[in-house]
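Asks: Here it is, the structure, as structure tokens.
The values are calculated or read from the model by the stated rules, or taken from the named source; none is laboratory data. From a predicted model like this one, the values you see are computed outputs, not experimental measurements. Cβ atoms come from the backbone with ideal geometry, glycine included; neighbour counts cover every protein chain shown.
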Amino acid sequence: MKMERWLASLMLRLQSLFRKETVENDFDEELRFHLENQVEQFVAQGMSPRAARKAATKLLAGVDRQKEQLRELWQFRWLENFWRDVSFSVRLLRKSPGFTAVALLTLALGVGANTAVFSLINGLLLRPLPVPHSEQLAVLRIEEGGPQPEYSFCTPFFRGLENRHDVFTDVFAYDPDMLQVQGHSGNENVPGMQVSGQFFSGLQVPPLLGRTLTPEDDRKGGSPAGLAVVISEGFWERWFDRAPDVVGRKLVIANTPFTVVGVMPKRFRGVDPTRSPEIYAPLSADPILDAPRNHIDGGIHSWWLTVMARVKPGISVDGVNAALQAVSGPILHDSTEDGNYIKGEEKAHFHFSAEAGSSGFTYARILFRKPLVAMFAMCGGILLLACLNLTSLLMARGAARERELATRLAMGAGRRRLIHQLLVESLLIATAGTALGLVAAPLVSRSLATMLMSGSGAQGVTLDTSLDVRVFLFAALVTVTATVLIGLVPALQATGGNLNEAIKDGQHANKTHERRRVLPRVLMASEVALALALVAGAGLLVTSLVKLYKSGAGFDPRGVVNIAFAMDKQPLKDDALMQVYQQLGEELSHQPGVKNVSFEFIVPLSHRGWNGRYAAPGGSPKLIWMNSVGPKYFETMRIPLYVGREFGWGDTKASGLKVILNQSAAKQFFPDRDAVGQQILNPGEKTSYEVVAVVGDAKYRDMRSPALAAAYVPIQQDTQEKPSLNAVVRVEGTQTPLAGAVRSIAARLVPSIPAPVMTGMDEVVDGSLGAERMMAVLAIFFAGCALLVTGIGLYGTLSYSTSRRTSEIGIRMALGAQRSRVMGMVFRENVLVAAIGSGAGLAVALLASRALGSFLYETSPRDPWVLVGSVGALTAIASAASLLPALRAARIEPIAAIRCE
Amino acid sequence: MSKPSDFVQGTLDVLLLKMLALEPLHGWAISQRLKAASGNVLQVSEGSLYPALHKLEVTGWITAEWRPTENNRRAKFYSLTRSGRKAMKDQVADWDRLSGAVSLVLGLEEAKG
């Protein structure tokens, strides 16, 4: 009842707010009606009509004056006040454009940086999948005693889990993969995803056209109607020009016809937030799609699947985990006949478990969670710094406005109203700053995402960082926090003083002012401290990055281009294929600017790996990393050849197995002997290799870990039938003409393969340092901004406080104070603040650097040079910021200063 | 012109509610009825009447509606809402208690002597 009345009243008030005119007209008409009746009554009582009207009008004269009161009754008083405050604040802010610009820019910077990094975090870690009831999704994992659970499944484990419908409605697996699709001009690589039968029923997103894939399709050879695929809306547009009869058409993938049975809408991007597959193919088609590999026959040796499930409503995480625990043992036993493997896993307490899967799954999350959180912390630091800076500036300005505020207080304005007005001012600044930041954020986050994802090592990986509700909520939260942070303290401070003192004293500096200047100093000192911590952090990250680059990869990446040839689906194999490679190499070497050409199976630093256990005769097997490389590989890569010879085209399968060891591997196998001429054995395959050379160590998987023990075998002796190799080309000068040449050479020699993909080795190196580079770039940028913002803050507060002391300084000078002493006096104010701030900042930096330690490469978090340099940078900025106000103070003319009081 | 005797704070509200409880009325009618019903003792000035009516409307105790009068002129008719009726009953009870108490006090015999 009460609620109802309140609501009705609110409605009336709101109506009247938007129809101010009508309310007043209404009242006028009501009064007119009253007047007419009164006139009639007077006439009836015997007055003349004229006299009657006059008397009645007189009676109602006072009522008109109450309109104002009535209006107030009808309207939201605070809303009117709010508008008045807004327009007042806008006028004030426009009157001091310098202050406004600084305030907006610093805040836009803080908010923009935070929003940009938050949208990365949002895209990678938070955003739920756009599917119904995403909270019911779970990611399944394998616990086997290691520090982290495993997320890769083999086919037997997944098939064992697939039909457990006691706690799950659906269990499904997927594997992102490049698919080779036949187009009008030869084969093309298209990002795709192999999905199991319950993938679409588990995700519950209806198709745009046709149907989705079902368990029927996920069988060897497909459903009775043949092999089926579902395509994305984007692919439908690009490949079929949105033809309405696309369902039922054929697509030739990996030289095999598939039937398109459905189209998925644009918003559906599968379950990996870093990928957007264009073709969804059944899991069981893997032997066709991935030929010549076969992950299904690979059994427990092919860990290629990610498994997710939709949990039945009402079943708790504990319930799910208990059910998974119960089936773990039986599935393990059904999966393989390898008793040793089962025994080993049982010893490690092998079992399945589940975690929340509402935002899908991606490996990038495991790689980048920590760097992202660290960057978010940096962004928080810069935002706090921007707020501290604005608080100080507003306080300084509030002090300058002391008299205005005191006068308004004295004239009866409530303190509350004044605080309101000051808060509205900071709200305006915060809102405008946030808006500016939001405009810039998408650009920043997109380039950060590109930089970050280039380090994940996989092809076709992107991150959607677009703004969504969560990002906007976050920005709104930031705005509100910033408003309160920057507005409340100065507002309380500015309105809390003693009126009389403020009005009377005007510009004189006296004891009460001294006391009230402690807070701004504390604020400025914390700002300096924060800036120092940021600068020191940036220094450490940059030092570490420089050291990483300087440490070298063991090869010279400059001018080297990798060209990837996908040979796995074309008809040639073994020696015939090697002849093609030889021809390719020959033709490439004649291209302008090309100095050397060779081949390699694995591109170093691309996060791909191949390893095996090898032993020296009589020694125990050791794990080493492998690659197969072509003739003159080490010359092309500029890896030093210490002893022995390079491989040649003559090192065929028939000429005996050969191997080249790097220095670490040579030392490992033959610590006291010359390696060249020795044999190393592969106990598993019972093969033996002759060592023909020892070469320098080169980084294999990433830049951070030291070079691993590695062995190289000739490409001709690779056990794969159809290896897809990369040509390694060292080019002098521009690489652009090479791209066209490569395309035409490949089209001529091996017409059926997709266009070769060219990547610069520089890019690979940069990519492998993606996270480090992003952190360092951001840190430098933030440090620069922190220095700038702090400088502006120190300058602003000092010049405000100096301008308030103009008359005092004038008197001092009139009494004979030297200009240099005045300068020193003003200068000293900031020196103190900067010194205290630096001290505190050093302490903070030392504490925080421990958290940074895990990101640093061969750099101590207490690197004295970095710390000293940071203090130096801040000192320089603080001095520069203090010099100008000090100079201005020294130039004060005593007469003018005293007269202006 | 003598000012009409000031209403005890809040009394006007209950009087208005009571009048409107009988039938919907416009402002003019209310002022005439009040005068007549109180035997010309209670007169409410226009300057008090309309703000009071509007306040009651904003509070939600009465609602207003433009309607033609008997002689076909447009007038704003006020009528009681359900919550207004309840408020009136409460306030009438309050008033009865208050006036009873006042009468009791005023009815005391002065001590002789």
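Asks: Exactly one of (1) in contact with a Gly (Cβ under 8 Å, 6 or more places away or on another chain); (2) free of Cβ contacts under 8 Å to residues at least 40 places away in the same chain is unmet by A:F782. Its number?
Replies: (2)
Asks: Which number in (1) assigned to a helix (DSSP H, G or I); (2) more than 8 Å from every other protein chain (Cβ to nearest Cβ); (3) modelled with pLDDT of 65 or more; (4) surrounded by 14 or more Cβ atoms within 10 Å (Cβ to Cβ) marks the one condition that A:E80 misses?
Replies: Going through the list (1) assigned to a helix (DSSP H, G or I); (2) more than 8 Å from every other protein chain (Cβ to nearest Cβ); (3) modelled with pLDDT of 65 or more; (4) surrounded by 14 or more Cβ atoms within 10 Å (Cβ to Cβ), A:E80 breaks only (4).
Asks: Please find, within the stretch A:723-745, the residue that is modelled with the lowest pLDDT out of those that are buried (at least 19 other Cβ atoms within 10 Å of the Cβ) and within 21 Å of A:S628 (Cα to Cα).
Replies: Within the stretch A:723-745, the subset buried (at least 19 other Cβ atoms within 10 Å of the Cβ) is A:723, A:725-731, A:738, A:742, A:745.
Still in the running and within 21 Å of A:S628 (Cα to Cα): A:723, A:725-730.
Working: A:P723: 89, A:L725: 92, A:N726: 93, A:A727: 94, A:V728: 94, A:V729: 95, A:R730: 95.
By that ranking, first place goes to A:P723.
Asks: From the residues in the stretch A:553-590 that are farther than 16 Å from A:R743 by Cα and free of Cβ contacts under 8 Å to residues at least 24 places away in the same chain, which one is surrounded by the most Cβ atoms within 10 Å (Cβ to Cβ)? Full working, then the answer.
Replies: Of the stretch A:553-590, the ones farther than 16 Å from A:R743 by Cα are A:553-560, A:568-579, A:582.
Filter again for free of Cβ contacts under 8 Å to residues at least 24 places away in the same chain, leaving A:576, A:579.
Working: A:A576: 9, A:Q579: 13.
This residue is A:Q579.
Asks: Give me the residue from the stretch B:60-69 that is buried (at least 19 other Cβ atoms within 10 Å of the Cβ) and not small (G, A, S) and, out of that set, farthest from the other protein chains (Cβ to nearest Cβ). Quick ask: steps written out before the conclusion?
Replies: Within the stretch B:60-69, the first condition is being buried (at least 19 other Cβ atoms within 10 Å of the Cβ), and the residues that meet it are B:60-62, B:64.
Those still in the list that are not small (G, A, S) too: B:61-62.
Numbers: B:W61: 8, B:I62: 11 Å.
My answer is B:I62.
Asks: Quick one: which residue in A:D334, A:D286 is in contact with a helix residue (DSSP H, G or I) (Cβ under 9 Å, 6 or more places away or on another chain), closer than 30 Å to A:V230 by Cα and part of a helix (DSSP H, G or I)? Even if it seems obvious, please write down each step before you answer.
Replies: On the way: A:D334 fails: closer than 30 Å to A:V230 by Cα.
Unique residue meeting the criteria: A:D286.
Asks: Report every pair of residues separated by at least 6 positions or lying on different chains whose Cβ atoms are under 8 Å apart, first residue within the stretch A:331-355 and acidic (D, E), second part of a helix (DSSP H, G or I).
Replies: Short answer, once both residue conditions are applied: A:D334/A:P156; A:D334/A:G160; A:D338/A:I300; A:E345/A:L332; A:E346/A:G329; A:E346/A:L332.
Asks: Here's something else I'd like to know. Quick check: is even one residue across the stretch A:727-744 within 24 Å of A:G183 (Cβ to Cβ) and part of a loop (DSSP other than H, G, I, E, B)?
Replies: Step one: filter the stretch A:727-744 for residues within 24 Å of A:G183 (Cβ to Cβ), giving A:727, A:738-744.
Then drop every residue that is not part of a loop (DSSP other than H, G, I, E, B), which leaves none.
Checked the stretch A:727-744: no residue is within 24 Å of A:G183 (Cβ to Cβ) and part of a loop (DSSP other than H, G, I, E, B).
Asks: Also: Of the conditions (1) closer than 10 Å to A:Q716 by Cβ; (2) in contact (Cβ under 8 Å) with a residue 12 or more places away in the chain, A:A654 satisfies every one except a single condition; which number is it?
Replies: (2)
Asks: Additional query: State all residues of the stretch B:36-51 that are within 11 Å of chain A (Cβ to nearest Cβ) and surrounded by fewer than 19 Cβ atoms within 10 Å (Cβ to Cβ); if no residue qualifies, say none. Write out each step before concluding.
Replies: Of all residues in the stretch B:36-51, those within 11 Å of chain A (Cβ to nearest Cβ) come to B:45-51.
Correct list: B:S45, B:G47, B:S48, B:P51.
Asks: Would you pick out the residues in the stretch B:70-92 that are more than 10 Å from every other protein chain (Cβ to nearest Cβ) and in contact with a Lys or Arg (Cβ under 8 Å, 6 or more places away or on another chain)?
Replies: B:F77, B:M88, B:V92
Asks: Would you tally the residues in the stretch A:216-247 being closer than 18 Å to A:L203 by Cβ and surrounded by fewer than 18 Cβ atoms within 10 Å (Cβ to Cβ)?
Replies: 2
Asks: Another one. State whether the residues of the stretch A:540-561 include one that is within 24 Å of A:V750 (Cβ to Cβ) and outside the structural domain of A:S870 (by TED's automatic domain parsing). Break it down into steps so the answer makes sense when it comes.
Replies: Step one: filter the stretch A:540-561 for residues within 24 Å of A:V750 (Cβ to Cβ), giving A:560-561.
From what's left, outside the structural domain of A:S870 (by TED's automatic domain parsing): A:560-561.
Scanning the stretch A:540-561 turns up at least one residue that is within 24 Å of A:V750 (Cβ to Cβ) and outside the structural domain of A:S870 (by TED's automatic domain parsing).
Asks: Does A:N389 count as in contact with a Ser or Thr (Cβ under 9 Å, 6 or more places away or on another chain) and assigned to a helix (DSSP H, G or I)?
Replies: Working: in contact with a Ser or Thr (Cβ under 9 Å, 6 or more places away or on another chain): yes; assigned to a helix (DSSP H, G or I): yes.
When the stated conditions are applied, A:N389 passes them.
Asks: Can you pull out the helices (runs of 4 or more DSSP H) entirely within the stretch A:750-860 that have at least 2 residues that are within 18 Å of A:R521 (Cβ to Cβ)?
Replies: Numbers: elements: A:761-768, A:770-804, A:806-814, A:819-852.
Correct list: A:770-804, A:819-852.
Asks: Oh, and also: Does A:A779 meet the test of being closer than 29 Å to A:R401 by Cβ, at pLDDT 85 or above and under 23 Å from the mean Cα position of the chain (by Cα)?
Replies: Working: closer than 29 Å to A:R401 by Cβ: no; at pLDDT 85 or above: yes; under 23 Å from the mean Cα position of the chain (by Cα): yes.
Against the criterion (closer than 29 Å to A:R401 by Cβ, at pLDDT 85 or above and under 23 Å from the mean Cα position of the chain (by Cα)), A:A779 does not qualify.
Asks: Restricting attention to helices (runs of 4 or more DSSP H) lying wholly within the stretch B:11-98, give those where 1 or more residues are hydroxyl-bearing (S, T, Y) and modelled with pLDDT under 85.
Replies: Details: elements: B:11-22, B:27-37, B:46-59.
Fully inside the stretch B:11-98 and qualifying: B:11-22, B:46-59.
Asks: Here's another thing I want to ask about it. Only one of A:T407, A:T391, A:T362, A:T336 is β-branched (V, I, T), closer than 30 Å to A:A494 by Cβ and buried (at least 17 other Cβ atoms within 10 Å of the Cβ). Can you tell me which? Show your work before the answer.
Replies: On the way: A:T407 fails: buried (at least 17 other Cβ atoms within 10 Å of the Cβ); A:T362 fails: closer than 30 Å to A:A494 by Cβ; A:T336 fails: closer than 30 Å to A:A494 by Cβ.
Criteria check complete, one pass: A:T391.
Asks: Testing A:A814 on (1) surrounded by fewer than 17 Cβ atoms within 10 Å (Cβ to Cβ); (2) closer than 30 Å to A:S705 by Cα, one condition comes back false. Which one is that?
Replies: Evaluating A:A814 over (1) surrounded by fewer than 17 Cβ atoms within 10 Å (Cβ to Cβ); (2) closer than 30 Å to A:S705 by Cα leaves (2) as the failure.
Asks: If you don't mind, another one. Might you check whether a residue that is surrounded by fewer than 22 Cβ atoms within 10 Å (Cβ to Cβ), under 30 Å from A:I296 (Cβ atoms) and in contact with a Gly (Cβ under 6 Å, 6 or more places away or on another chain) occurs anywhere in the stretch A:341-353?
Replies: Yes; the residues of the stretch A:341-353 include at least one that is surrounded by fewer than 22 Cβ atoms within 10 Å (Cβ to Cβ), under 30 Å from A:I296 (Cβ atoms) and in contact with a Gly (Cβ under 6 Å, 6 or more places away or on another chain).
Asks: Give the residues of the stretch A:542-580 that are of a type in the set (K, R) and touching a helix residue (DSSP H, G or I) at 6+ places or on another chain (Cβ under 7 Å), sorted by residue number. Walk me through it before giving the result.
Replies: From the stretch A:542-580, those of a type in the set (K, R) are A:547, A:550, A:558, A:569, A:573; that's our starting set.
A:R558 - this is the single residue of the stretch A:542-580 that is of a type in the set (K, R) and touching a helix residue (DSSP H, G or I) at 6+ places or on another chain (Cβ under 7 Å).
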